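Computed from the coordinates by the stated procedures, all read-outs in this text should not be read as laboratory data. Note that the coordinates shown come from a computational prediction; the quantities given were computed from them, not determined experimentally. Every residue, glycine among them, receives a Cβ derived from its backbone with ideal geometry; neighbour counts consider all protein chains shown.
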Amino acid sequence: MLLIFGMEALMAIAAVNLGIFLSMFARSEFQAVQFIPLVVVPQMLLSGIIFPVSSEPTALQYLSNVLPLTYAVNGMRDIMVKGADLTWSALQLDAAVVAGFCVLLIVAGTATLRRRLG
C-alpha cells in the first residue's frame, strides 16, 4: 500500500510541476487550460495505459521512454500485479526516473517563473 501511495505521490508532484512549467508559456488561464490536452492525451496514448508500449511503432516506443507517465504506469502495474511479492529494488528504476522528472520539472518551473517575474 505504501508503494502505491509513494508512486502516486511522485507522479502527482511531477504532474503539478509540469502544469506550472507549461502555464508559464500561457498568456491567460484559458490558454493554459488549452495546453492540457496537448500534453495529457499523448502521454496517455503512449505510456502504456491504453495499450502496451511494445505494440507501438519503434519511433513511438522511443518517444514513450521520454515520458514520465510511462515509468509511473510501469511502476503501478508492477505494484498491482506482483503485490506483496514486489520488492523495492524492482521499483527503483521507475521511481528514480519519476523522481528525476520531478526534480527536472521543479527546476524548469522555478527558472521559468523567475524569468517571467524578473
Qualifying residue in the stretch 61-81 (condition: more than 13 Å from residue 15 (Cα to Cα), without any contact (Cβ under 8 Å) to a residue 60 or more places away in the chain and not in a helix (DSSP H, G or I)): yes
The stretch 82-109, residues that are over 16 Å from residue 2 (Cβ atoms) and touching a residue at least 24 places away in the same chain (Cβ under 8 Å): 97, 101, 102, 105, 106, 108, 109
Conditions (1) surrounded by 14 or more Cβ atoms within 10 Å (Cβ to Cβ); (2) assigned to a helix (DSSP H, G or I): number failed by residue 54: (1)
Every residue from the stretch 60-85 that is over 15 Å from the mean Cα position of the chain (by Cα) and either of a type in the set (D, E, K, R) or under 24 Å from residue 44 (Cβ atoms) (or both): 60, 61, 62, 78, 79, 80, 81, 82, 85
Filter result for residue 13 (surrounded by 11 or more Cβ atoms within 10 Å (Cβ to Cβ) and closer than 18 Å to residue 105 by Cα): yes
Residue selected from the stretch 82-112 under the condition of a type in the set (S, T, N, Q) and assigned to a helix (DSSP H, G or I), by the criterion surrounded by the most Cβ atoms within 10 Å (Cβ to Cβ): 112
Qualifying positions in the stretch 57-81 - surrounded by fewer than 16 Cβ atoms within 10 Å (Cβ to Cβ), under 24 Å from residue 3 (Cα atoms) and polar (S, T, N, Q): 65
